[in-house]
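Since the structure comes first, as structure tokens, the remarks are kept for the end.
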Amino acid sequence: MPYQKLGRQSGPRRALLRNQVTSLLQAGRIETTDAKARAVRPLAEKMITLAKKGDLHARRQALSFLMDETVVKNLFDKIGPKLEAREGGYTRIIALGPRRGDAAPMVIVELVQ
């Protein structure tokens, strides 16, 4: 299966992933379930790759996906240049254990330094 459905239809799933990627790039780390983290990771890495390109077209592509213009500015001005020498692997997933209530496996997704 090329992507995870996360129990949602396409519109709400896209909105969820856009919000999670925006929050990750804004805060540097988010706590979420394992399934959502594995769906967010390639999208976040794609946004960082766009920031490394740094041209106008890449900025417009990031603006069309991310929910906040200040996050795009921060992504292109700070995060992209900081990870310029890195060839991928911009995020890390750290397991936390089961969530109290429904025992869903929880993880932290964070940007590498």
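The values are calculated or read from the model by the stated rules, or taken from the named source; none is laboratory data. Because the structure is a prediction, the values reported are computed rather than measured. All Cβ positions, glycine included, derive from the backbone under ideal geometry; neighbour counts span all protein chains shown.
In the range 88-98, is there at least one residue being more than 12 Å from the chain's Cα centre (by Cα), aliphatic (A, V, I, L, M), on the phi < 0 side of the Ramachandran plot and surrounded by 15 or more Cβ atoms within 10 Å (Cβ to Cβ)?
No: the range 88-98 contains no residue that is more than 12 Å from the chain's Cα centre (by Cα), aliphatic (A, V, I, L, M), on the phi < 0 side of the Ramachandran plot and surrounded by 15 or more Cβ atoms within 10 Å (Cβ to Cβ).
Within the bounds of the range 57-66, is there any residue that is touching a helix residue (DSSP H, G or I) at 6+ places or on another chain (Cβ under 8 Å), among the hydroxyl-bearing types (Ser, Thr, Tyr) and either in contact (Cβ under 8 Å) with a residue 60 or more places away in the chain or loosely packed, with under 14 Cβ neighbours inside 10 Å (or both)?
no
Counting only residues that are over 18 Å from residue 113 (Cβ atoms) and of a type in the set (A, V, I, L, M), which one in the range 17-31 is surrounded by the most Cβ atoms within 10 Å (Cβ to Cβ)?
Among residues in the range 17-31 that are over 18 Å from residue 113 (Cβ atoms) and of a type in the set (A, V, I, L, M), the one surrounded by the most Cβ atoms within 10 Å (Cβ to Cβ) is 21.
Quick check on the range 63-84. Is at least one of its residues among the small types (Gly, Ala, Ser), more than 16 Å from the chain's Cα centre (by Cα) and at pLDDT 95 or above?
So far as the range 63-84 goes, no, none of its residues is among the small types (Gly, Ala, Ser), more than 16 Å from the chain's Cα centre (by Cα) and at pLDDT 95 or above.
Among what's in the range 26-72 and is of a type outside the set (A, V, I, L, M) and in contact with a Gly (Cβ under 9 Å, 6 or more places away or on another chain), pick the residue that is nearest to residue 90 (Cα to Cα).
This residue is 45.
Return yes when residue 36 is modelled with pLDDT of 95 or more, among the basic types (Lys, Arg) and within 14 Å of the chain's Cα centre (by Cα) and no when it is not.
For residue 36, the condition - modelled with pLDDT of 95 or more, among the basic types (Lys, Arg) and within 14 Å of the chain's Cα centre (by Cα) - is met.
Which of (1) in contact with an Asp or Glu (Cβ under 8 Å, 6 or more places away or on another chain); (2) in contact (Cβ under 8 Å) with a residue 60 or more places away in the chain is the odd one out, the single condition residue 52 does not satisfy?
(2)
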